[in-house]
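Structure first, commentary second.
The values are calculated or read from the model by the stated rules, or taken from the named source; none is laboratory data. Predicted model, so just to flag it, every value in this text is computed and none were measured. Reconstructed Cβ throughout: ideal geometry from the backbone, glycine too, with neighbour counts over all protein chains shown. With ligands, DNA and RNA removed, areas are computed over all heavy atoms of the protein, side chains included. Shrake-Rupley method; radii C 1.70, N 1.55, O 1.52, S 1.80 Å.
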Amino acid sequence: MVDRTSGMPAFRQVAADLRAKITVGHYAPGDRLPSERELVEAYDASRPTVRAAVEMLRTEGLVTAEHGRGVFVRPPASVQRIARSRLSREARERNRGAFLADASAAGFTPSTSTSIRFEPADARTALHLAIDEGTEITVRDRVMRADGLVVQLAASRLPRALTRGTAIEGVDTGPGGTYARLEERGHQLGSFVEHVGARMPAPDEASLLQLADGVPVVTVTRVAYGTDGTPLEMNGMVLAADRYELSYEWPAD
């Protein structure tokens, strides 16, 4: 219940009470907070007051809002992305996609939503894929979640000449994923190169990732090459910097 004689703004009182309940575990990581209507009744507060309180918690990084689903307590742990054998043939054959393996290893339940589109290659894509600008490409856009929280956005771009008539142009690429379908067509994978950077998010990225103000993103651009050196795929990943740890391991010899 909001104390209107305390001198503290009502939205700060609501935020403080919700924050305390999250801290002591009354609302555990992954739990959905009560609806706006329920909070209005519980605190005898107005809707603008409740919205301001929830927005304050979101800005602090304690909760995340998902359109149509509600407001959830954010998991405190991060996903560790280990660059070791994440794209090995053995891992791919076990259908352990890199993100699925990362999230599962951290104890999260991973999920991915995928959409497909076709477009002409821009200058950057054309450079990475060694194709002419304007060449038709297949784009696989993915939103990746850990325990329902969006932690990564990824967009794979491939020359459509490689994907036409294959499951790569569908949401479900089948066992082994995109790389298995490429190899079935005779495009044997030989190597991967990753370029890592960091920047502030674009507005749509900040919205999808539900980033607190001032939180940057880590970018990873991975190019997959065939054994003959031909670029087969460019995968552009955007990771929430406060939810990801990039770890690299390689032999000393």
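Some points to look at:
- Charged neighbours of T112, selected by a Cβ distance under 9 Å, balance to +2 (K, R count +1; D, E count -1).
- Radius of gyration over Kirkwood radius for the chain, both on Cα atoms: the Rg/Rh ratio is 1.07.
- Ordering L62, G236, I22 by Cα displacement along the dipole of the chain toward the positive end leaves I22 in first place; charges were set at the Cβ atoms of Lys, Arg (+1) and Asp, Glu (-1).
- Carbon/sulfur fraction of accessible area - the chain, other protein chains in place, 1.4 Å, %: 53
- The chain, helix-only ellipticity at 222 nm - DSSP H runs n ≥ 4, -39,500 (n - 2.57), divided by all residues, nearest 500: -8000 deg cm²/dmol
- Residue-count net charge about E233 - beta-carbon cut-off 10 Å; Lys, Arg +1, Asp, Glu -1: +3
- Counting only Cβ charges, +1 for Lys and Arg and -1 for Asp and Glu, the dipole size of the chain around its Cα centre is about 300 debye.
- Diffusion coefficient (Stokes-Einstein, Kirkwood radius over C-alpha pairs, 25 °C, 0.890 mPa s) for the range 123-253: 152 µm²/s, rounded to a whole number.
- When you restrict to C-alpha pairs under 8 Å that are six or more residues apart and normalise by the size of the chain, the relative contact order lands at 17 percent.
- Taking all protein chains into account, the per residue accessible area for the range 105-200 stands at 49 Å² (1.4 Å probe).
- Other residues with beta-carbon under 15 Å from the beta-carbon of A126 carry, at +1 per Lys or Arg and -1 per Asp or Glu, a net charge of -3.
- Rounded to the nearest 5, the antiparallel percentage of DSSP beta bridges internal to the chain is 90%.
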